[in-house]
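This report refers to the structure that appears directly beneath it.
What follows draws every value from the coordinates through simple rules; no lab data is involved. Note that the structure is predicted; figures quoted are calculated from it, not measured. Cβ placement follows ideal geometry from the backbone for every residue including glycine, while neighbour counts extend to all protein chains displayed.
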Amino acid sequence: MDTQNEKHRKSTILYDAGCGSIAILLGMAFLGGVALHGQQINIIPTILYDAGGWFLIPMFVGGVFLGVMIDYFWNYLILYLALRWQRISITRKRRFAYTAIITAVGFLIDWLYYELTWGFLVIGSLRVPPVFERWGINPGLELSTILIPMALIGVVNYFASRFYLHLDKKHAFVVGLVMAIFTAPWLIVAFVFLVSWLGW
């Protein structure tokens, strides 16, 4: 049970790397390495916390906020290009609101994707073990799992663009397809493979 709790704690930290920032990726990689070594040498986490654990909280919150903001503007950029490519004019205010909606939903999709694939989902008394016990045990199959969040992101954007942006089926399908490809959690997959390659 302690191993699963430790794994879930690390997965929560690692997930935030998928928010869209290379800087956050490097920072979370460092924290993941510290957590792993701390699992092997129990005294390390205690020393780190006692020596200066106070700065980890604002660093973590700031990293998450920065990642979400980068993710938001990336989603906005892809949406803008998808609409411009189809010569569709949507007011800036409506584009901003649409992006906020899909960013929030996308964050939930990405989180569930990571937790169910490599992490350890814990919601109250509900505990769901991951599909893969550890990173990199089946790279080809693990990479193919990106199709699941891609499909969900595509469906969400299709219906959101249909009912909120009032696009027809053809244009909504293009928006959903473009958003699915370019806003899928590729960084989560890349980060998992990087961690696996480094042997953490």
Item to complete: Could you grab the pairs with beta carbons closer than 7 Å, sequence gap of 6+ or different chains, first residue in the range 91-106 and in contact (Cβ under 8 Å) with a residue 12 or more places away in the chain and within 10 Å of Tyr164 (Cβ to Cβ), second one in a helix (DSSP H, G or I) and of a type in the set (Val, Ile, Thr)?
Response: Ile102/Val156
Item to complete: Please verify whether the range 119-127 includes one or more residues that are in a loop (DSSP other than H, G, I, E, B), over 26 Å from His166 (Cα atoms) and out of contact with any Lys or Arg (no Cβ under 8 Å at 6 or more places or on another chain).
Response: yes
Worksheet item: How many residues, within the range 168-182, are closer than 27 Å to Ile137 by Cβ and either buried (at least 16 other Cβ atoms within 10 Å of the Cβ) or of a type in the set (S, T, N, Q) (or both)?
Response: 1
Discussion item. Name the residue that is farthest from the chain's Cα centre (by Cα), counting only residues in the range 146-167 that are surrounded by fewer than 17 Cβ atoms within 10 Å (Cβ to Cβ) and not hydrophobic (A, V, I, L, M, F, W, C).
Written reply: His166
Item to complete: Please specify each residue of the range 103-122 satisfying the condition of being touching a helix residue (DSSP H, G or I) at 6+ places or on another chain (Cβ under 8 Å), under 14 Å from Met150 (Cα atoms) and surrounded by fewer than 17 Cβ atoms within 10 Å (Cβ to Cβ).
Response: Val105
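Quick check on the range 64-102: of everything there that is in a loop (DSSP other than H, G, I, E, B) and of a type in the set (Ser, Thr, Tyr), which residue is surrounded by the fewest Cβ atoms within 10 Å (Cβ to Cβ)?
Checked the range 64-102; the qualifying residue surrounded by the fewest Cβ atoms within 10 Å (Cβ to Cβ) is Ser89.
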